[in-house]
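See structure below.
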Amino acid sequence: MAVGARSGHGEPEKRPGGPDGSPRGDASDEAMSQAAVGPAGPEHDEVTSGEEPGRPAGRGANSMVPKKQRSFWKELPILVGIALVLALIIKTFLVQAFSIPSESMQNTLQRGDRVLVDKLTPWFGSKPERGEVVVFHDPGGWLGETPQQDNGPIAGGLQKVLSFIGLMPSAEEKDLIKRVIATGGDTVECKGNNDPVVVNGKPLNEPYIFPGNTPCGDKPFGPIKVPKGRIWVMGDHRQDSLDSRYHQELDKYQGTVSEDEVVGRAIVVAWPLNRWSTLPVPDTFNQPGLSAAAAAAPPALGLAGAVPLVLWRRRRIAGKAAQKG
């Protein structure tokens with residue numbers, strides 16, 4: 001037969017016999033040759049290269065063709081959903097944007113600035129520290145009754161959605177932003193005129209105060225012992241800030257704010273871009289002896305060291321008395 005020769009496989013025209021040595025007819029040889037050189041070619045070609053130009057595909061070609069990818073417009077809702085979930089997680093646990101509504105923190109912050117507030121570290125037990133700028137919920141009566149703005153159904157709905165995921169400040173939440181001056185256990189006071197604010201007997205040098213303002217000339221206070229778990233806050237624009245000084249009569253806490261009301265620490269002015277800056281703790285709050293705990297440490301350490309010496313001396317005296325007896 002000439003079929004095997006035409007196939008290019010170099011097979012003999014006739015084989016001496018089948019696998020068991022039995023003779024095989026011409027018809028069976030021709031059928032085997034045609035099966036070996038079928039139109040689909042070798043089987044491994046179907047797996048590695050797929051269809052060839054001008055050549056029909058084999059039975060397994062369709063199973064190896066990659067599935068058609070989804071169009072961009074079909075995947076867009078999924079991407080938007082994932083982005084919204086991530087934004088909500090970030091707003092709830094990591095960072096949230098707040099808008100500055102007034103001039104009470106000038107010149108550190110201007111009306112309309114957007115600040116990013118760190119909400120992560122409080123989850124790990126971090127407490128507000130002196131000198132930090134913090135956002136906190138209205139403790140009650142600080143903001144009074146503020147009229148609600150009607151922005152219309154579309155703009156109002158959009159603001160609610162964006163504020164829910166943390167991309168815009170909420171029109172319903174009542175939050176304030178001030179600087180922490182004293183924390184739980186501190187004693188804070190200011191005698192008025194041009195005298196400085198004093199914390200634990202240490203006067204503060206406050207270059208961040210609005211130019212032309214005095215530390216508390218319009219509203220002297222103290223000395224006030226800040227209760228544990230609370231903070232004393234003041235705005236940098238001292239003559240235009242209704243802070244702890246103006247709420248001493250609201251309750252027994254003398255104008256201090258509970259740490260539980262603190263949303264987080266403002267760390268960055270993020271908008272507008274030309275005002276981008278960080279909000280570090282001023283150097284005056286790092287001066288030696290400012291901390292009430294640090295001031296009490298030397299006497300406490302002295303007392304702790306004296307107790308063993310007193311006990312040792314009493315035992316020695318008692319031992320000598322027993323020997324004499």
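A few remarks follow.
- Checklist (1) among the hydrophobic types (A, V, I, L, M, F, W, C); (2) in contact (Cβ under 8 Å) with a residue 40 or more places away in the chain; (3) under 22 Å from Val281 (Cβ atoms) applied to Leu242, failing item: (3)
- Of residues in region 250-259 being of a type in the set (D, E, K, R) and open to solvent by 70 Å² or more (accessible area, probe 1.4 Å), the one farthest from Ser99 (Cα to Cα): Lys252
- Hits in region 155-196 (condition: at pLDDT below 60, surrounded by fewer than 17 Cβ atoms within 10 Å (Cβ to Cβ) and closer than 28 Å to Thr256 by Cα): Ser170, Ala171, Glu172
- You will find that of Val262, Val233, the residue that is open to solvent by 10 Å² or more (accessible area, probe 1.4 Å), touching a helix residue (DSSP H, G or I) at 6+ places or on another chain (Cβ under 8 Å) and under 17 Å from Arg130 (Cβ atoms) is Val262 and no other.
- One residue stands out among those in region 84-101 that are more than 17 Å from the chain's Cα centre (by Cα) and open to solvent by less than 70 Å² (accessible area, probe 1.4 Å): the one that is modelled with the lowest pLDDT, which is Ser99.
- Among (1) more than 27 Å from Ser99 (Cβ to Cβ); (2) modelled with pLDDT of 95 or more, the one test that Gly217 misses: (2)
- Some residue of region 222-234 being touching a strand residue (DSSP E or B) at 6+ places or on another chain (Cβ under 8 Å) and modelled with pLDDT under 95: yes
- Options Gly140, Gly81: the member that is at pLDDT 70 or above, in a helix (DSSP H, G or I) and either among the acidic types (Asp, Glu) or loosely packed, with under 12 Cβ neighbours inside 10 Å (or both): Gly81
- Leading residue by the ranking (nearest to Pro272 (Cα to Cα)) among those in region 108-119 that are out of contact with any Asp or Glu (no Cβ under 7 Å at 6 or more places or on another chain) and assigned to a loop (DSSP other than H, G, I, E, B): Asp113
The values are calculated or read from the model by the stated rules, or taken from the named source; none is laboratory data. What you are looking at is a predicted structure, and each value in this text was computed from that prediction instead of being measured. All Cβ positions, glycine included, derive from the backbone under ideal geometry; neighbour counts span all protein chains shown. The protein model used for the area step is the full one, side chains on, heavy atoms only, and it has no ligands, DNA or RNA in it. Shrake-Rupley method; radii C 1.70, N 1.55, O 1.52, S 1.80 Å.
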